[in-house]
Amino acid sequence: MARNEVSHIGTVTEMTPEFTTVRIISTSACAACHAKGVCGVSEEKVKEISVPTDPYATWKPGDEVRVMLRQSMGLKAVWLSYVIPLVILMILILTLSAVSVHEIYVGLASVGVVAVYYLVLYLLRDRLANEFVFYLKEK
């Protein structure tokens with residue numbers, strides 16, 4: 001595995017000529033702790049990812065594969081989903097507070113603008129899906 005890739009182990013659940021569906025079990029950092037059953041903080045989430053089917057792929061449903069994504073795409077996703085909205089929120093809060101806008105309006109405006117930002121991301125989801133392309137490798 002190259003250092004510029006992010007990968008997760010998953011299981012192929014379905015294959016069509018267009019897409020291969022892979023199930024990934026995402027665990028929290030404390031999932032390996034011996035006290036996780038008592039603690040209740042550890043968590044596991046099952047995610048399904050659709051990856052374009054490689055016509056030369058030899059795997060079949062039930063096979064374990066490695067789902068890969070370029071690291072730069074992972075960083076871009078973090079920027080789009082967390083960093084930019086936080087910056088927008090902070091700029092609006094600080095700017096509107098500095099010009100003596102009432103606190104309730106500062107909060108509503110800030111949350112409203114961030115909601116519009118996420119709506120724009122949602123509307124651009126097909127375009128973004130073309131940029132964030134996963135691919136599969138042997139485990």
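The values are calculated or read from the model by the stated rules, or taken from the named source; none is laboratory data. Note that the coordinates shown come from a computational prediction; the quantities given were computed from them, not determined experimentally. No Cβ is skipped: glycine too gets one built from the backbone with ideal geometry, and neighbour counts run over all protein chains shown. For accessibility, only protein heavy atoms count, side chains too; no ligands or nucleic acids. Shrake-Rupley method; radii C 1.70, N 1.55, O 1.52, S 1.80 Å.
Per-structure values
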| item | result |
| --- | --- |
| Search result, residues across the range 126-139 that are surrounded by 11 or more Cβ atoms within 10 Å (Cβ to Cβ) and without any contact (Cβ under 8 Å) to a residue 24 or more places away in the chain | none |
| Only listed residue being over 18 Å from residue 129 (Cβ atoms), in a loop (DSSP other than H, G, I, E, B) and without any contact (Cβ under 8 Å) to a residue 60 or more places away in the chain, chosen from 85, 55 | 55 |
| Failed item, numbered, when residue 109 is tested on (1) within 30 Å of residue 7 (Cα to Cα); (2) without any contact (Cβ under 8 Å) to a residue 60 or more places away in the chain | (1) |
| Identity of the residue in the range 88-110, outside any helix (DSSP H, G or I) and either under 27 Å from the mean Cα position of the chain (by Cα) or of a type in the set (A, V, I, L, M, F, W, C) (or both), that ends up surrounded by the fewest Cβ atoms within 10 Å (Cβ to Cβ) | 99 |
| Hits in the range 116-125 (condition: aliphatic (A, V, I, L, M), loosely packed, with under 11 Cβ neighbours inside 10 Å and within 13 Å of residue 80 (Cα to Cα)) | 119, 120 |
| Every residue from the range 69-82 that is out of contact with any Leu (no Cβ under 7 Å at 6 or more places or on another chain) and hydrophobic (A, V, I, L, M, F, W, C) | 69, 73, 75, 77, 78, 79 |
| Any hit, the range 64-79, residues being in contact (Cβ under 8 Å) with a residue 40 or more places away in the chain, among the acidic types (Asp, Glu) and under 15 Å from residue 10 (Cα atoms) | yes |
| Of residues in the range 58-76 being open to solvent by 40 Å² or more (accessible area, probe 1.4 Å) and in a helix (DSSP H, G or I), the one nearest to residue 21 (Cα to Cα) | 71 |
